[in-house]
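These notes are about the structure you will find just below.
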Amino acid sequence: MDLEALRRKMGTAALVGFRMIPGPLKRTLVRAGTPSYTVGAVCLIEHEGEVLLLWQPHRRGWSLPGGLLGRGEEPAEAVRREVLEEVGLQIEPGDVFAVGVHASTQQIDVIFRVRARERPRLELATEARKAQWWRLEDLDETDRETRRILQIVQQIDAEPSPGRVVEEAS
């Protein structure tokens, strides 16, 4: 038996053995061996070509409404909660608009897009000091996370690049 065949057989045996481990222990082993990420949910609230941004003391520049998911919380629940807490709006977030995975900072952004028919009246919470509607091309000062999210949003409007097979398996 050659070395490659032996390696494949050992890999198969390890996977079969892993399958036999009880679920809670399996999850613990996977969590211990994989990187952990923080997950945030943010919302692009749009009205007549402008997006709502907030000025918050704990941020460096304008930012989108949103925040981190709580343990066991779904992204739609989190964005609904955060928007209500920050600007007093009840929203129905709809489907996820985009997701950004940032390996260098171990962060994931789940982005929702909500279009308002009328400009909503806002009630700022203690976190937000100011709220302003911006055309994205006029936005001058955002925090790093918001810049990253807005770049993702702008890429969505571009023509998607399809994948391709680079090399066939031998």
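Observations, loosely collected:
- Test: residue in the stretch 127-139 that is modelled with pLDDT under 85 and under 23 Å from T38 (Cα atoms): yes
- Note on the stretch 98-123: among residues that are among the hydrophobic types (A, V, I, L, M, F, W, C) and not in a strand (DSSP E or B), the one that is surrounded by the fewest Cβ atoms within 10 Å (Cβ to Cβ) is A103.
- Any hit, the stretch 34-51, residues being of a type in the set (V, I, T), surrounded by fewer than 13 Cβ atoms within 10 Å (Cβ to Cβ) and over 30 Å from L150 (Cα atoms): no
- Selection from the stretch 47-70 of residues that are in a loop (DSSP other than H, G, I, E, B), farther than 14 Å from L124 by Cα and modelled with pLDDT of 90 or more: E48, G49, L69, G70
- Filter pass, S104 being in contact with a Leu (Cβ under 6 Å, 6 or more places away or on another chain), closer than 21 Å to I152 by Cβ and in the same structural domain as R119 (by TED's automatic domain parsing): no
- Subset of the stretch 124-143 (residues that are assigned to a loop (DSSP other than H, G, I, E, B) and either touching a strand residue (DSSP E or B) at 6+ places or on another chain (Cβ under 6 Å) or touching a residue at least 24 places away in the same chain (Cβ under 8 Å) (or both)): L124, A125, E127, A128, R129, R135, L139, E141, D143
The values are calculated or read from the model by the stated rules, or taken from the named source; none is laboratory data. These numbers were taken from a predicted model, which means no experiment stands behind them. Note: ideal-geometry Cβ built from the backbone for every residue, glycine included; neighbour counts use all protein chains shown.
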